[in-house]
Amino acid sequence: MESLSFRGVGGRASLALALVAGAGVLLAGCRSEPHLTPQEAEGKHLYQVRCAHCHEDNDLELKKVPPDLHGLFEHKTLPSGIPATDEAVANNVLKGRGMMPGFAGRFDQEQMAALLAYLHTGLR
């Protein structure tokens, strides 16, 4: 079996360059999950168990597909046309709007704050 040989200063530079290039190729394929704060992570969990069924999967086979919430706070207004504020989103969740039912009693203040924090991430 032949061994790879890099002799001299030029050889060491070539070896270093090869190692850096190889590491770059390996790391390019690695994508880590964006870091979420504990509050955002709790909001993500709440979103997945209470919101995604309609707003992502529509596994309830709703006739009117609910709006996509990705990047919700990147717009000045919500899909309904009202200002995109924490208060408006919390109000929509708790009281409902249009065909969306209200979820009053299913989110306490801490959970609502977590959900809003996660929605502010753009749904990473």
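The values are calculated or read from the model by the stated rules, or taken from the named source; none is laboratory data. In this text, all values refer to a predicted model and were calculated from it rather than measured experimentally. Cβ placement follows ideal geometry from the backbone for every residue including glycine, while neighbour counts extend to all protein chains displayed.
When the stretch 37-87 is filtered for residues that are part of a helix (DSSP H, G or I) and farther than 21 Å from ARG106 by Cα, the ones remaining, listed by number, are LEU72, PHE73, GLU74.
Answer with yes or no whether ARG50 is surrounded by 14 or more Cβ atoms within 10 Å (Cβ to Cβ), of a type outside the set (Asp, Glu) and at pLDDT 90 or above. So ARG50 passes the test. Looking at this structure, is ASP108 loosely packed, with under 13 Cβ neighbours inside 10 Å and on the phi < 0 side of the Ramachandran plot? It is true that ASP108 is loosely packed, with under 13 Cβ neighbours inside 10 Å and on the phi < 0 side of the Ramachandran plot. Filtered by the rule that a residue be of a type outside the set (A, V, I, L, M, F, W, C), within 17 Å of GLU56 (Cα to Cα) and surrounded by fewer than 21 Cβ atoms within 10 Å (Cβ to Cβ), the stretch 111-124 gives HIS120, THR121, GLY122, ARG124.
Examine the stretch 79-91 for a residue that is within 20 Å of VAL49 (Cβ to Cβ) and out of contact with any His (no Cβ under 8 Å at 6 or more places or on another chain), and state whether such a residue exists. Yes, the conditions are met somewhere in the stretch 79-91. The single residue among PRO101, PRO67 that is at pLDDT below 95 and under 20 Å from the mean Cα position of the chain (by Cα) turns out to be PRO67. Considering every residue within the stretch 90-97, establish whether at least one is surrounded by fewer than 15 Cβ atoms within 10 Å (Cβ to Cβ), without any contact (Cβ under 8 Å) to a residue 24 or more places away in the chain and small (Gly, Ala, Ser). Scanning the stretch 90-97, I find at least one residue that is surrounded by fewer than 15 Cβ atoms within 10 Å (Cβ to Cβ), without any contact (Cβ under 8 Å) to a residue 24 or more places away in the chain and small (Gly, Ala, Ser), so the answer is yes. In this structure, does LYS95 turn out to be at pLDDT below 95 and basic (Lys, Arg)? No: the conditions fail for LYS95.
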